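Below: the structure, in structure tokens.
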Amino acid sequence: MEAPRLAHTMSSPTSPCEEVIKNLSLEAIQLCDRDGNKSQDSGIAEMEELPVPHNIKISNITCDSFKISWDMDSKSKDRITHYFIDLNKKENKNSNKFKHKDVPTKLVAKAVPLPMTVRGHWFLSPRTEYTVAVQTASKQVDGDYVVSEWSEIIEFCTADYSKVHLTQLLEKAEVIAGRMLKLSVFYRNQHKEYFDYIREHHGNAMQPSVKDNSGSHGSPISGKLEGIFFSCNTEFNTGKPPQDSPYGRYRYEIAAEKLFNPNTNLYFGDFYCMYTAYHYVILVIAPVGSPGDEFCKQRLPQLNIKDNKFLTCDEEDGVMVYHHAQDVILEVIYTDPVDLSLGTVAEITGHQLMSLSTANAKKDPSCKTCNISVGR
């Protein structure tokens with residue numbers, strides 16, 4: 001079936017792209033410039049009788065889809081054959097540029113009953129602000145369209161990854177996690193001033209802070225979950241934490257059982273890379289029933305603490321034994337305060353490798369290992 005097209009005089013900075021959208025109400029998609037109003041569309045005739053959409057409503061928003069509906073006068077309503085939906089990322093100085101630099105998307109949809117579902121990870125990305133406007137149109141015998149005025153422009157924001165999307169990421173991460181190595185401590189590197197500040201201003205207890213925006217753009221924990229970042233990876237030949245660190249020359253070490261035990265729940269948070277060969281997995285440890293635990297239950301896949309591919313806690317001969325995945329770098333977020341007296345602080349003997357920091361690191365959207373078929 002040949003996809004309907006916009007009038008032949010309309011053009012795009014790039015080649016036109018027309019596809020049949022099968023399982024949705026969209027008949028075709030055409031990439032083109034926003035033309036502002038109908039008078040600039042030289043190949044599209046004017047017909048004032050076509051009703052202008054108003055009172056636009058956006059609902060059922062996910063990370064890569066939404067439903068749209070609107071009201072319109074009944075006059076000439078029966079002449080409408082198509083809807084034009086003009087969708088653009090909202091312009092701002094901090095605009096998200098993680099997949100497409102430009103999204104000049106005009107959807108050409110058959111006039112179906114409203115609300116209509118708009119879905120597509122190639123032009124919709126998670127946690128992103130968009131503007132949308134609508135025209136009604138009547139396709140003519142020669143293939144051109146008669147159109148209404150544009151509706152008002154409204155704004156909306158797409159959602160985070162759901163548990164379904166995170167489970168897809170989890171399954172991809174499991175493929176490359178590798179064998180399990182033993183560990184005995186969690187550790188956190190910072191500058192000496194950080195630990196001095198904790199002692200002086202926070203009664204010796206490290207406090208949870210809001211997670212930064214590193215990792216997948218659609219991650220529901222970025223900018224929302226409060227926690228304390230820990231590492232747990234060990235060196236293969238020593239079984240101990242590496243002596244180098246990107247985060248500071250002073251390291252706090254705490255016995256693994258103090259943070260991770262049968263009284264805590266474990267959640268999968270994210271899987272990403274930063275244009276490098278190695279990958280990161282974010283895990284969340286939350287004391288059972290804590291605010292962090294309730295936050296994660298609603299948003300993240302929960303892992304069996306005794307049986308998963310990333311970080312395990314089990315009892316052997318009356319002693320708690322811990323293992324971590326060898327082939328991914330684990331970033332562990334603990335959601336409650338941690339008193340420094342439960343562990344030790346000492347200066348590392350290695351180097352501070354700032355280039356390896358993941359603070360606000362952006363995920364590589366082209367990596368086939370750690371991306372899924374939704375907005376990045």
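Would you mind checking which residues have amide H under 5 Å from V321's amide H? H placed 1.01 Å from N; only 5 or more apart, or other chain.
Answer set, sorted by chain and number: D314, E315, E316.
Quick one: which of 253-262, 125-134 comes out on top by average Cβ neighbours within 10 Å, and what's the full order, highest first?
Output ranking for 253-262, 125-134: 125-134, 253-262.
Provide Rg over Rh for the range 215-297; use the alpha carbon set for both Rg and the Kirkwood Rh (inverse mean inverse pair distance).
Result for the range 215-297 is an Rg/Rh of 0.97.
Hey, can you grab everything whose amide H is under 5 Å from the amide H of V328? Only 5+ residues off in sequence or another chain; H modelled, so Pro and N-termini drop out.
none
Order of 51-57, 147-153 by packing, highest average Cβ count within 10 Å first?
Result, highest mean Cβ count within 10 Å first: 147-153, 51-57.
Once label points are set 7 Å from the Cα along Cα→Cβ at both V164 and N55, what is their separation, rounded to one decimal in nm?
Label at V164, label at N55, 3.0 nm between them.
Along Cα→Cβ, 7 Å out, is where each label goes; now give me the distance between the ones at E152 and D73 in nm to one decimal.
Those two pseudo-labels are separated by 1.7 nm.
Find how much the distance from Q302 to E316 grows on full extension, using 0.36 nm per residue of separation minus their present alpha carbon separation; answer in nm with one decimal.
Difference between extended and current length: 2.7 nm.
Provide the gained length on full extension for the span K258 to Q140, in nm with one decimal, where the gain is 0.36 nm per separating residue minus the Cα-Cα distance.
Roughly 35.3 nm would be gained on extension.
Give me the distance between the Cα centres of the range 127-167 and the range 218-284, rounded to whole Å.
Cα centroid to Cα centroid, the span is 40 Å.
Rounded to whole Hz and in sequence order, give me ³J(HN,Hα) for the range 58-75 from the Karplus expression 6.51 cos²θ - 1.76 cosθ + 1.60, θ = phi - 60°, writing x for Gly and Pro.
The phi angles translate into 10, 9, 6, 7, 10, 6, 9, 7, 7, 10, 10, 8, 7, 9, 7, 5, 6, 4 Hz.
Just give me a number: lysine pairs in the range 161-345, eight or more positions apart or cross-chain, with C-alpha atoms less than 12 Å apart.
Eligible lysine pairs with Cα atoms under 12 Å apart amount to 4.
Each reported figure results from applying straightforward, stated rules to the coordinates on display, with no laboratory input. Please read these numbers as outputs of a predicted model, since none were measured by experiment. Cβ atoms come from the backbone with ideal geometry, glycine included; neighbour counts cover every protein chain shown.
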